[in-house]
Structures are given as structure tokens and as C-alpha cells.
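As C-alpha cells, the structure follows; a few thoughts come after it.
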Amino acid sequence: MVDREGGEHDARYMRRALELAEKGWGQTAPNPMVGAVVVRDDVVVGEGFHARYGDAHAEVNALRAAGERARGSTLYVSLEPCAHVGKTPPCTGAIIAAGVSRVVAAVRDPSPVARGGVEALRAAGIDARVDVERECALEINAPFFNAHTSDRPWVVLKLAVSADGAIADLAGTQRWITGRESRAEVHRMRANADAIAVGVGTMLADDPALTVRDAPSPRVAPRRVIFDSRLRTPSAAKVVRTALDVPTIFVASRDATADRRATLERAGAEIIVANDLMDALVLLRQHDIRSLFCEGGARLAGSMLSAGVVDRLTIFRSQALIGPSRLGAFDFAPPAFEKGLSKLPIVTRRGIGDDELTIYALREVPCSPD
């Protein structure tokens, strides 16, 4: 029996490879999440994913699961198989040795060192195809692709918003805007970021810990970034008291006093002095922060939206009404931004408990040339 090729048939197996890829959530960075499926005679005979940075790649795990059944099969993989020796041998060698007849990859590898797998496979007589479920493959590894083309991190801005557009109850009668399920999802999102960021207003109002708690622990705890131009965060704040346990960076201006800087540095925090927001992001990228999960507040969100540095806008919208004593989610954003939300591409929209999650794309994911 010959496996069918192309169209919805290939897309179906690639979607499964993408599902498998996400099992590496929070464990593979700075490597991408990758999944692979081995199909022979239209039957899945092996599956695998890249489980942890430094461990075997998805293709190798899938081929091991398939064993001898991999001979004459089609391998579906969410990223072009690597053709270089890194922490593991090249996947192209394992694919060729296994006797795979056909390889379908979702997207090319953006790394000039790792790419070339398609050419290596074709040179070995294997039918290799690219660009099946490409957009989905780019989306799940957006920080990885962005890192190869940009000098700043991939920025996700998260806002928890009430039904009447508030992100804070200024009267102090309602602490949580969204439900427990949404808050757990935020922790899961944090786990796949290199750093979690807030502005000083959020720090002074809420004293957040900015750690991953209600989700599986990531391989490396996200760093904490506080945009605090004058270093007003008190020494008793959780992020200061635990700065020796979780790397913590304060982004300050040149107006910050030397004594405040010295106090935070003695506590174990690092201070970055930036000229403006874009300069800060470039400096954070130089600190190996490829993905920045920003949780506001309103002033930082407005600054980021005004500067055009937000790549994904993630909104958790509840059914709660805050009333007149409130801080609006977009009070400091460009005047027409909120009205323009309906025109933005939507990456995903789904219910979470009683809330609704919508992720808007403000920029396309950069990708490698084909």
C-alpha cells in the first residue's frame, strides 16, 4: 500500500506533529519545540518530540519508536531536520539510515548553521517537501524565529480586562478580574518565556512575585524584568527579597539615583540603564532574553503599544463589571488603538472558564528564506 501524499492528508499528520511539539513547552529553549510523526501505509508507526534542551531531537525519538517500520515511511516534522552536529548528531543522518522514503517539514530552519537538511535528504534520494501548516509552525516557535532576524525580544503583552474595559479596580474592592482557570493559563504562558516583565506601577500596587507556580516548572525559571526608570521599587518587594534566587533585572533611566541602584544591586538585582524603551529591549536581547512576557500595567502597555514593539497582544476578558472607579486597559495607548482591535488578525480565541482568551497578531512571525 502506498501512502497518499499532499493536501489535507499531509496537513492532518503535520497537525499531530505540531501537537507533539508543544509537549516541550518550557523545556527546550533556546532550542525550538519540535514534533515528529512516522507514517507507513497510512498508519502512524512512531511519534516523538524534543522533550528537553540537550536531549534527542523529535525525529530521532519518532524513528526509535517506529523501529524497522520506519523503512519506506513518510516522516512529518514541524521544523526542517538539522544537518549539523550540535549537542546531538544531525537528524538527517538518522533519517537516511532509517530508510525513510519521504519527509514533510512544516518550515525551514532559520539558523544558517542548522539549515540544509532538505538538501541533504534530497541528495540521498529522499523526497523532501516543505511548507505544510507553515503558519502554525511559525507561531509556536515565534521567539526562536524572531531571534534570528531581530535585535530585540519577541514581546507578548498580556492584559486581564473586565467586561467594561478595566485592568484595575481603583476602589480596591476587586482584586482579581479574571477567574482561576485564566490565572493558571497565565502561569503556563510564563513558563515558556525567557523573562516576565511589569512596570513599576504594577510593582508598587501589587508586589507580584513574577514566578511560575500554577503550571509545570520550566527547565529554567524566567527572569524578572521591572521597568522602573527611577528605581522606586521598595527593598521589601518580593522581587528584591528573592533576587538572589531568581535573576531579576531593573530597567532604569539615567535619572535613577546611585544609592537606589546600589541598594538593589546589593540585594542581587541587575540594573540596566536605557535611553528609551527600544534601547531597553535591545539591551535585554543582549542578555539572552529572546521572549518577553509583559504583564503591564497600563502605562507600560501604552508605552509598548505606542512604540510598536508588541508582537502578540493576549487579552483575558472576564464578564465582571468594575464600574467608574477603574483604570482602563488602553488608557495610555494610542487613541485609536482599542477601536482598531477588531481589524487585527486573531491567532486564537477560546473560552477559559467563564473568561474569553483572544490573542491578536500585531506583527507576522519572521521566518527563514525558502
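The figures follow:
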read-out: Yes/no for Ala29 being aliphatic (A, V, I, L, M), within 23 Å of Pro218 (Cα to Cα), open to solvent by 40 Å² or more (accessible area, probe 1.4 Å) and out of contact with any helix residue (DSSP H, G or I) (no Cβ under 6 Å at 6 or more places or on another chain); value: yes
read-out: Scope region 290-318; condition touching an Asp or Glu at 6+ places or on another chain (Cβ under 6 Å) and closer than 16 Å to Ile352 by Cβ; matching residues; value: Phe316, Arg317, Ser318
read-out: Looking only at region 300-330, and only at residues there that are of a type in the set (D, E, K, R) and modelled with pLDDT of 95 or more, the one that is surrounded by the most Cβ atoms within 10 Å (Cβ to Cβ); value: Asp311
read-out: Condition met for Val103 (open to solvent by less than 50 Å² (accessible area, probe 1.4 Å) and closer than 22 Å to Asp194 by Cβ); value: no
read-out: All positions within region 334-347 that are under 24 Å from Pro366 (Cβ atoms) and outside any helix (DSSP H, G or I); value: Pro334, Phe337, Leu344, Pro345, Ile346, Val347
read-out: Where Pro216 falls short, out of the listed (1) open to solvent by less than 60 Å² (accessible area, probe 1.4 Å); (2) touching a helix residue (DSSP H, G or I) at 6+ places or on another chain (Cβ under 9 Å); value: (1)
read-out: Selection count, region 331-346, where residues are closer than 22 Å to Arg299 by Cβ, within 23 Å of the chain's Cα centre (by Cα) and loosely packed, with under 12 Cβ neighbours inside 10 Å; value: 0
read-out: Test: Asp109 is acidic (Asp, Glu), closer than 21 Å to His148 by Cα and either at pLDDT 95 or above or in a loop (DSSP other than H, G, I, E, B) (or both); value: yes
read-out: Residue ID - least open to solvent (accessible area, probe 1.4 Å), chosen from residues in region 164-180 that are touching a strand residue (DSSP E or B) at 6+ places or on another chain (Cβ under 7 Å) and of a type in the set (A, V, I, L, M, F, W, C); value: Ala166
read-out: Residues located in region 347-364, provided they are touching a strand residue (DSSP E or B) at 6+ places or on another chain (Cβ under 9 Å), within 23 Å of Leu305 (Cβ to Cβ) and open to solvent by 20 Å² or more (accessible area, probe 1.4 Å); value: Val347, Thr348, Arg349, Glu356, Ile359, Tyr360, Leu362, Arg363
read-out: Residue check for Ala160: touching a Phe, Trp or Tyr at 6+ places or on another chain (Cβ under 6 Å), touching a residue at least 12 places away in the same chain (Cβ under 8 Å) and part of a strand (DSSP E or B); value: yes
read-out: Count - residues of region 45-81 that are farther than 29 Å from Phe145 by Cα and either open to solvent by 30 Å² or more (accessible area, probe 1.4 Å) or assigned to a helix (DSSP H, G or I) (or both); value: 7
read-out: Residue among Ala252, Ala221 that alone is within 25 Å of Gln27 (Cα to Cα) and open to solvent by less than 70 Å² (accessible area, probe 1.4 Å); value: Ala221
read-out: Those strands (runs of 3 or more DSSP E) lying entirely in region 211-326 with at least 2 residues over 16 Å from the mean Cα position of the chain (by Cα) and of a type in the set (Lys, Arg); value: none
read-out: Arg183 of a type outside the set (S, T, N, Q), open to solvent by 40 Å² or more (accessible area, probe 1.4 Å) and in a helix (DSSP H, G or I); value: yes
read-out: Residue pairs meeting the criteria (Cβ under 9 Å; at least 6 apart or on separate chains; first over 26 Å from Gln319 (Cα atoms), in region 177-195; second open to solvent by 10 Å² or more (accessible area, probe 1.4 Å) and in a helix (DSSP H, G or I)); value: Asn192/Pro143; Ala193/Pro143; Asp194/Pro143
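The values are calculated or read from the model by the stated rules, or taken from the named source; none is laboratory data. Everything numeric here is computed off the predicted structure, so don't read it as measured data. Quick reminder, even Gly has a Cβ in these numbers, built from the backbone with ideal geometry, and neighbours come from all protein chains shown. SASA here: full protein model, heavy atoms, side chains in, ligands and nucleic acids out. Shrake-Rupley method; radii C 1.70, N 1.55, O 1.52, S 1.80 Å.
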